[in-house]
Amino acid sequence: VERTPLQWAQELVYDAWDEDNRRRCITLARKALDICPDCADAYCLLAREVARTSAEERALYEAAVRAAERALGPEPFKENVGLFWGILETRPYMGARAGLAQVMWEMKEHESAIEHLQELLKLNPNDNQGLRYILAGWLATIGDDLTLSKLLKKYNEATASLEYARALMVFRTKGDTKPAQKALAEAFQTNAYIPDFLLGNKPIPSELPYYYSPGKEDEAVLVADNLEGAWHNTSGAIEWLRRSWQSRKPQNPKTRPTRTR
């Protein structure tokens, strides 16, 4: 079967992902766009590799989203809401829009960034991208406890990202009460390394890990990076965390490797 220009371009992007030479990687991405300007993954690759400013990165991710929309057409957005990740052709769109949301958050366009993630979760409620963890941190950071509460009820799971966001939300809404203390104790059980990063006992590295294991220090770095602003911007939260942490010696659960994206 003869390949379409988009399929040829996508193959070049796959080669670029496997390329150790950065210059060669960029060349392949640009060649892919020469073959087919609807190759969203090529724009995403360039956003990560060549953008020098947030504005340039945003422009490339916006181009990626538009390219993915052209490639998909309108039908999937009408007929496949809730099933997106199961359709391979939708994944460049999902990645592009998640990348755009991230750079918009970094540019302090918080409400718009949050809306992007919320829309992506509607398209793919199973959340294969792990966006619920990022969204929980963002909602906690802007203090939208009502929306955060709904998110935590929808994804009712004992993961470090959600449990530390939950503990902060309960403290913010109920103060240093038994429900808040219980929520924080449960958070400690998911990952015992996070408090040291939130309290500043350990610095959060500038380069975040690509993989993590639940309960381990690499997960703690990712969670603390996402929730640091929320904890520090909540009056009394860091002092409460410090008191609670000093009085406990939590145990870590068994771990298994997990990819972050």
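The values are calculated or read from the model by the stated rules, or taken from the named source; none is laboratory data. Because the structure is a prediction, the values reported are computed rather than measured. For neighbour counting, all protein chains shown are included, and Cβ atoms are generated from backbone atoms with ideal geometry for every residue, glycine included. For the accessible areas, the whole protein counts, side chains as well, though only heavy atoms, and no ligand, DNA or RNA atoms are used. Shrake-Rupley method; radii C 1.70, N 1.55, O 1.52, S 1.80 Å.
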(message) Can you tell me which of (1) without any contact (Cβ under 8 Å) to a residue 40 or more places away in the chain; (2) open to solvent by less than 30 Å² (accessible area, probe 1.4 Å) is the one A160 doesn't meet?
(response) (1)
(message) Condition first: touching a Phe, Trp or Tyr at 6+ places or on another chain (Cβ under 9 Å) and of a type in the set (S, T, N, Q). Now tell me which residues in segment 185-229 satisfy that.
(response) T190, N191, N226
(message) As an exercise: evaluate S149 against (1) of a type outside the set (V, I, T); (2) in a loop (DSSP other than H, G, I, E, B); (3) more than 15 Å from the chain's Cα centre (by Cα) and give the number of the one condition it does not meet.
(response) (2)
(message) Out of the residues in segment 220-237 meeting the condition of being touching a helix residue (DSSP H, G or I) at 6+ places or on another chain (Cβ under 6 Å) and of a type in the set (V, I, T), tell me which one is farthest from I142 (Cα to Cα).
(response) V223
(request) Find the helices (runs of 4 or more DSSP H) located wholly in segment 37-126 whose residues include 2 or more that are open to solvent by less than 60 Å² (accessible area, probe 1.4 Å) and touching a His at 6+ places or on another chain (Cβ under 7 Å), and list them. (result) 91-106
(request) Of all residues in segment 163-189, count the ones that are open to solvent by less than 20 Å² (accessible area, probe 1.4 Å) and either touching a Ser or Thr at 6+ places or on another chain (Cβ under 7 Å) or aromatic (F, W, Y) (or both). (result) 5
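Return yes when T147 is surrounded by fewer than 21 Cβ atoms within 10 Å (Cβ to Cβ) and in contact with a Leu (Cβ under 6 Å, 6 or more places away or on another chain) and no when it is not. Show your work before the answer.
Details: surrounded by fewer than 21 Cβ atoms within 10 Å (Cβ to Cβ): yes; in contact with a Leu (Cβ under 6 Å, 6 or more places away or on another chain): yes.
Taking the combined requirement at face value, the residue satisfies it.
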(request) Mind listing just one residue for me: the one in segment 1-34 that is in contact (Cβ under 8 Å) with a residue 12 or more places away in the chain and open to solvent by 70 Å² or more (accessible area, probe 1.4 Å) and, of those, nearest to A59 (Cα to Cα)? (result) R30
(message) Among the residues of segment 163-189, what is the count of those that are outside any loop (DSSP other than H, G, I, E, B), under 14 Å from G236 (Cβ atoms) and either touching a Pro at 6+ places or on another chain (Cβ under 7 Å) or among the charged types (D, E, K, R) (or both)?
(response) 3
(message) Among the residues of segment 209-241, what is the count of those that are open to solvent by 70 Å² or more (accessible area, probe 1.4 Å) and at pLDDT below 95?
(response) 2
